[in-house]
1. Restricting to the range 10-68, name every residue that is under 21 Å from Glu98 (Cα atoms) and acidic (Asp, Glu).
2. Taking the range 3-28 on its own, how many of its residues are in a strand (DSSP E or B), modelled with pLDDT of 95 or more and more than 12 Å from the chain's Cα centre (by Cα)?
3. If I ask for residues that are aliphatic (A, V, I, L, M) and under 18 Å from Arg112 (Cβ atoms), which ones from the range 17-28 would you list?
4. Just give me the residues in the range 90-107 being at pLDDT 95 or above and more than 12 Å from Leu51 (Cα to Cα), in sequence order.
5. Applying the selection to the range 52-92, what residues are within 18 Å of Ile117 (Cβ to Cβ) and crowded, with 19+ Cβ neighbours inside 10 Å?
6. Taking the range 41-95, which residues are among the polar types (S, T, N, Q), touching a strand residue (DSSP E or B) at 6+ places or on another chain (Cβ under 9 Å), part of a helix (DSSP H, G or I) and touching a residue at least 40 places away in the same chain (Cβ under 8 Å)?
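The values are calculated or read from the model by the stated rules, or taken from the named source; none is laboratory data. Note that the structure is a prediction, hence the values are computed from the model and not measured. Every residue, glycine as well, gets a Cβ built from its backbone with ideal geometry; the counts of neighbours run over all protein chains shown.
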Amino acid sequence: MIGYFDGASRGNPGEAGAGACLVDDSGDVVWRCAEYLGRKTNNEAEYSALLRLLVHARELGIRELEARGDSKLVISQLKREWKINKPWLRDLAAQAWEIMSDMNVDLVWVPRESNKIADALSNKGIDEKP
C-alpha cells in the first residue's frame, strides 16, 4: 500500500492543516484525511500528517506501507539521517517510531509535484477549520 502525507502552515507558526491518503495497487484513493491542526509550524504539521497516515494504516491492519512525503526534514529525521534539534519534533518522531515498530514502513521523499493529493488535503484542513 502507498500512503501520501503533507502538512501545511500559513505562517510559521501559523494556521496549520494535515493531509494524508492511502492509495491501493490500482491507484485508487481508498482513504483520505484533511484535518485542521490549529497553530503549528510547518514541520509540526508535516509530522502530524504522517502520524495520521501511520495510525490509520495500522488500524486497517496494513503492515507494509510506502509512506511518501515532500518534507525532506521529516523523512531524513525519521530515517535517522538527520539530527532532530527541537524537543517537540523529537517527541513527534518518537510517536512515529513507536507506531512503525510493528510495521514495515518505507519512508520515501517525493517532490511536491508528486504529492498533490496530500497537499490539497492539508490545505483543505485549514480552509475548513471548525
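1. Scanning the range 10-68 gives Glu44, Glu46, Glu59, Glu64, Glu66.
2. 6
3. Ala18, Ala20, Val23
4. Answer for the range 90-107, where residues must be at pLDDT 95 or above and more than 12 Å from Leu51 (Cα to Cα): Arg90, Ser101, Met103, Asn104, Val105, Asp106, Leu107.
5. Arg52, Leu53, Leu54, Ala57, Leu65, Ala67, Arg68, Gly69, Asp70, Ser71, Val74, Ile75
6. Residues satisfying the conditions are Asn43, Ser48.
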